[in-house]
Amino acid sequence: MCSDGFKDIFNVDYSEKVIEMMKERTKDAFPSLKWATMDFRNMSELEGSSFDVVLDKGSLDALWSDGGSQWNPSESVLSDINASLNEALRLLKSGGKFISITFGQPHFRLPHMKRPNCWDLISNENLGLYYIYTFQKC
C-alpha cells in the first residue's frame, strides 16, 4: 500500500513478536508506517471516528476458526466478531470504509457483519479463494 502512495498507515496485531518483526522488516523501505500491539476487539487507546479506512486481512478469519460450526457459530465467536466489528465502526469517520479480506463465504459472514443504520455493504467481491466485503459507515 505504501508503494501505491498510501503513507498514513497504522498497523495493529495482538502479537508483539509480529509487530516487532514487521517494524524491523519495513523500517528502511517504509519509515512512515506505524505499528502497535493491540487487541482489535478493543482498541480504546485510539480515538473514535479517526480513520478513513479500517482494513481486516484475516483477523476475523482467525476469530471464526475455533473449530466450531460455520453454520452455527458459538456465542464466544459471535461475541468476538461483534466486538471487533463494533470497534471498527467506532474508529471509522462518517463515510469511512471497512474492508474485510476473508476466506469466509457470504452466506456465513454477511449475516454477522451487517450493522443496519450504521454501515452499508457497498461491495461483495468473490476473487476465487477469498472474498472482499466493503462496508461504508453511514
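Bear in mind these aren't lab numbers, they're just calculated from the coordinates by the rules spelled out. Here the structure is a predicted model, which is why all the values come from computation and not from measurement. Positions of Cβ are backbone-derived with ideal geometry, glycine not excepted, and every protein chain shown enters the neighbour counts.
Where nothing but the Cβ of Lys and Arg (+1) and of Asp and Glu (-1) is charged, how large is the charge dipole of region 54-128 around its Cα centre, in debye to the nearest 20?
Details: 7 positive and 8 negative charges, 63 e Å.
So the dipole magnitude of region 54-128 works out to roughly 300 debye.
For region 43-137, go through all pairs of different Cα atoms, get the mean of 1/r, take its inverse, and jot down that Kirkwood value in Å.
Evaluated over region 43-137, this radius sits at 13.6 Å.
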**Asked** So which residue, out of Val18, Val53, Val77, gets the largest mean-square fluctuation from a GNM of the chain using Cα contacts under 10 Å as springs?
**Response** Val18
**Asked** Relative contact order, percent, of the chain when contacts are C-alpha pairs under 8 Å separated by at least 6 residues?
**Response** 21
**Phi-based couplings in Hz for region 92-105 (Karplus 6.51, -1.76, 1.60; Gly and Pro marked x)** = 6, 6, 4, x, x, 10, 9, 10, 10, 9, 8, 8, x, 6
**Request:** Please list the non-local residues whose amide H lies under 5 Å from the amide H of Leu33, H modeled 1.01 Å from N, same-chain partners needing a gap of 5 or more.
**Result:** none
**Complete:** Tilt, helix 75-91 to longest principal axis of the chain (alpha-carbon atoms), in degrees rounded to tens, equals 50
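Where the only charges are on Cβ atoms (+1 Lys, Arg; -1 Asp, Glu), what is the dipole of the chain about its Cα centre, to the nearest 20 debye? Mind dumping the intermediate values first?
Numbers: 15 positive and 19 negative charges, 64 e Å.
Charge dipole, the chain, about its Cα centre: 300 debye, nearest 20.
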